[in-house]
Structure formats: C-alpha cells, structure tokens
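Q: What follows is a structure written as structure tokens; I'll ask about it next.
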Amino acid sequence: MNKLLSEKLNAVALQVPDILFPREGIDLTKFSCIAADQYTQDLAYWDRVRKFIGDAPSTYNLIYPEAEYIRDTTDAEARIKNINNFMNKYITDGTYENIGKAFIFVERKSPSQNRRGLLVAIDLEKYDYNEGAKTLIRATEKTVKDRLTLRKEIRENATLDLPHILVLINDKEDKLFKKVESIKFETFFRMSGESKNDILYDFDLMENSGYIKGYKIADDKDIESIADILIELKDKSEDGFLYAIGDGNHSLAAAKDIYEKTGRGRYALVELVNIYDDGIRFFPIHRLIMGVERDKFIADTGIDPDNPPPLQELQARLDKFNYNIDYIHGKKECIELGKKPGNIAITYDSFSIDTLFSDVVKYGSLCRKSFSLGKAKDKRFYLEAQEII
C-alpha cells in the first residue's frame, strides 16, 4: 500500500484489515451466528442454535449470548475462559485462515429487508462514546457503563475481533455504495457472467434469517476510490461527524476501553452502512409510562401524550420525574398497554433519519432507546474476524 493511500485512509479513520475467514469445508450456516445481544429474553432461540451446531466449528463458541448470561452468571468466569480458549484454538488449528488485506462488500437479504454493507476496520483513537464528543466516530445514544463490564472481561484476553457492529454514514446520494457496486461489477462480472470463484461467500443463515453474500475488495485503486468518497463525505459533514454507531455501541465502547488499557486492538472491525440504504429500517422506540394517572401526568409535565414533542425533548422532560418507564418496540403493543389503568402510551409514527446526525451534534447524543435498527433477524451475524494485536 502506497503512502498516499495510507494517508487517505488515516484521514477517515480506516485501516484495511487482515481478514480471517473459515477454511474451506466448514459449514458456514453453522459457523455464522447472530449477535450476542439479540434474543435476550428468548433462551429457546439459543437452545436451538446449540442443538443445530452440535460439535461443528461455530462463532457461537466465541461469544457469550446475553440471554445465557442473564439466566445464570455463576459460571461466567469459566465461560469467558472457554471463549478465549476457543479463539486461540480456531487460530492455531486453521479453523480461521488469513485471506489477506481487504474490505468486504456484504449483501445481506433478511426476511424483512435487504442491506448493503462494507466491512472495514475503524480507528478507536478517533472514536469517543462519551456524550458531547467531537470525534470523527461517535455513539448515537448514551452509553450505559454497566453494560460494558461483561464485554470488557471477554475482550481483555481475546485474540479475535468478531464484528457485529453497524456504523452509519450520512450519504444521501449513495455515492459510497454506488462506487462499491461498480467495483463489484467491474471485478466480479465477466462476459460469461458471475464467477462463483470470485465470491468470498454465499450461503443461507441459520434460523430462517435469510442469506448473505460477500465480495473481497483488495485492489489499492478500488480502496483508494472508497477512501476518496469518505473524505468527501467528511468534508461535507457537520461538526466533523462522519461515522455514527448504529448497532453494537457497547461492544465498541468495551473495545475502546480495553485498547486504552492494554494497547491492543487499535482497529476494530465494523460494517459501514448508509442510513439512506433501502435496506436500513429505523423504528422508533415508544414510551410506556406506568403508575400515574393521565391528568396528573399532563399537569406535571405539560406533555400531551397524543401530541408529544420530539423524542429528544420528550425524554429530557421525562427524566425530570421519577416515572416507571418501559421502552416498547411495537407501536400497537404500546398503545394496547397504554389502555390499562395507570398506564400512558406515548408513541411515534416514524424515526427521522434526516436529523439523526444533526441531533447527535445538537444534543451530544440521542437519548437512550431512541431507535431500533431493524428487527432481530436483520442484525449482523458473526463470520469474518481479525486477530487482536
């Protein structure tokens, strides 16, 4: 890689990672499993995963599903040690093979949406999850420090970095992925059609979660064209804010803390996605206020539940009172729960992506539980990795 390209990548806080990928012959459907912070109340899901995988190599062995941790924390220390052992095993026994430096163009089809992403490594020195940060990479929502503990305990002695983090870019003209699509076409399509040998992976995901295809982008000229577009987006950004963490902020925050503690793992694998991608769906998270009568609530707060202020203003006003609040993902469910005596439902029809970046700049971060990025089955599955060095 030439000096100019390195400088361009550094300007947008990126590195081209050494990609580790499962060796040929491994069942990728069994190997790839969903992010550990999904199905937190559905132990049956994870029971099915374990049964389906059996003794086959799998990223399930490299993670600690939150549902299992919530169920029983007594063996947490042993479980974390086992995770670290499996990471070392998968490196030394060739389960993971180094396929060279590359970005990966990801096409993900799930039951409810299709998504395009670009797997890259971002510089944790240019990321700050604290409210009001002015860095290139920022959290969208407030980071709950208590949620970092388990993640940091796993990360501290980990030898593998497995990404389930989705990082948002504000690219209304879709310049980045138009370029990536053209690279894919020029590189992988010939007069005879698509060559299966040119696709890094193409397989069905477990639990009826759709399928995924990945294309390796390793040519310096292609990578430079990607960097040039990101530099352009950076120059147009408000307050120097290029990347917003959409999913996985607590995992990235843990990686940041461990990097600062140990000096290992400066660059973290993430998947870049465009907030304007047709396959990215933002759902507002609704508020259910419990234990207060409607008239008193209105008198106390000045909030009309049927015509609430913008979410960021609403939460700031709610935080002044000691209400019992639940955060409900489904609008219909929230409305029904709001009909019960002493309950009040406050719902929103949509989440505005047009103001996402500007709201983070304005408020320092969005309030907790502002939005959900797709449904559970839409979330990123673990697959590619890099060594933490």
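Q: Exactly one condition in (1) modelled with pLDDT of 95 or more; (2) closer than 18 Å to LYS234 by Cβ is not met by ARG116; state its number.
A: Going through the list (1) modelled with pLDDT of 95 or more; (2) closer than 18 Å to LYS234 by Cβ, ARG116 breaks only (2).
Q: For the condition under 16 Å from ASP37 (Cβ atoms) and either in contact (Cβ under 8 Å) with a residue 24 or more places away in the chain or of a type in the set (Ser, Thr, Tyr) (or both), what is the one hit in ALA255, ALA244?
A: Going through ALA255, ALA244 in turn, just one is under 16 Å from ASP37 (Cβ atoms) and either in contact (Cβ under 8 Å) with a residue 24 or more places away in the chain or of a type in the set (Ser, Thr, Tyr) (or both): ALA255.
Q: Could you list, in sequence order, all residues of segment 231-245 that are over 16 Å from ASP128 (Cβ atoms) and touching a strand residue (DSSP E or B) at 6+ places or on another chain (Cβ under 7 Å)?
A: LEU233
Q: Let me ask another. Please enumerate the residues belonging to segment 233-245 that are charged (D, E, K, R) and either at pLDDT below 95 or touching a helix residue (DSSP H, G or I) at 6+ places or on another chain (Cβ under 8 Å) (or both).
A: LYS234, GLU238, ASP239
Q: If a residue has to be within 19 Å of LEU9 (Cβ to Cβ) and small (Gly, Ala, Ser) to count, how many in segment 119-138 make the cut?
A: Of the residues in segment 119-138, 1 are within 19 Å of LEU9 (Cβ to Cβ) and small (Gly, Ala, Ser).
Q: Condition check: surrounded by 15 or more Cβ atoms within 10 Å (Cβ to Cβ) and not aliphatic (A, V, I, L, M). Does GLU66 satisfy that?
A: Answer is yes for this residue.
Q: GLU260: within 21 Å of GLU131 (Cα to Cα) and assigned by TED's automatic domain parsing to the domain that holds ALA35, yes or no?
A: Values: within 21 Å of GLU131 (Cα to Cα): yes; assigned by TED's automatic domain parsing to the domain that holds ALA35: yes.
For GLU260, the condition - within 21 Å of GLU131 (Cα to Cα) and assigned by TED's automatic domain parsing to the domain that holds ALA35 - is met.
Q: Sticking with this one: Would you confirm, using the coordinates I've provided, whether ALA76 is in contact with an Asp or Glu (Cβ under 9 Å, 6 or more places away or on another chain), farther than 30 Å from GLU224 by Cβ, surrounded by fewer than 17 Cβ atoms within 10 Å (Cβ to Cβ) and of a type outside the set (Asp, Glu)?
A: Considered against the rule, which asks whether it is in contact with an Asp or Glu (Cβ under 9 Å, 6 or more places away or on another chain), farther than 30 Å from GLU224 by Cβ, surrounded by fewer than 17 Cβ atoms within 10 Å (Cβ to Cβ) and of a type outside the set (Asp, Glu), ALA76 comes out as yes.
Q: A further question on this structure: Please go through segment 248-275 and give me each residue that is within 29 Å of ILE229 (Cβ to Cβ) and basic (Lys, Arg), ordered by number.
A: LYS256, ARG266
Q: Taking segment 111-156, which residues are of a type in the set (Gly, Ala, Ser) and outside any loop (DSSP other than H, G, I, E, B)?
A: Of the residues in segment 111-156, the ones of a type in the set (Gly, Ala, Ser) are 112, 117, 121, 132-133, 139.
Once the filter is applied, which keeps residues that are of a type in the set (Gly, Ala, Ser) and outside any loop (DSSP other than H, G, I, E, B), segment 111-156 yields GLY117, ALA121, ALA139.
Q: Just one of (1) within 16 Å of VAL273 (Cα to Cα); (2) modelled with pLDDT of 95 or more trips up THR140, so point out which.
A: Among (1) within 16 Å of VAL273 (Cα to Cα); (2) modelled with pLDDT of 95 or more, the lone unmet condition for THR140 is (2).
Q: Give segment 300-342 a look and list any residue that's in contact with a strand residue (DSSP E or B) (Cβ under 6 Å, 6 or more places away or on another chain) and among the acidic types (Asp, Glu), or say none.
A: ASP326, the sole residue that qualifies.
Q: From GLY279, GLY248, grab the single residue that is touching a strand residue (DSSP E or B) at 6+ places or on another chain (Cβ under 6 Å) and modelled with pLDDT under 95.
A: After ruling out the rest, the residue left standing is GLY279.
Q: May I pose another question? Hey, can you tell me all the residues within segment 338-389 that are at pLDDT below 90 and under 30 Å from GLU97 (Cα atoms)?
A: If the condition is that a residue be at pLDDT below 90 and under 30 Å from GLU97 (Cα atoms), then ALA376, LYS377, ASP378, LYS379 are the ones that fit.
The values are calculated or read from the model by the stated rules, or taken from the named source; none is laboratory data. For clarity, every value in this text was computed on a predicted model and none was experimentally measured. A quick note on method: Cβ atoms are made from the backbone with ideal geometry, for glycine too, and the neighbour counts reach across all protein chains shown.
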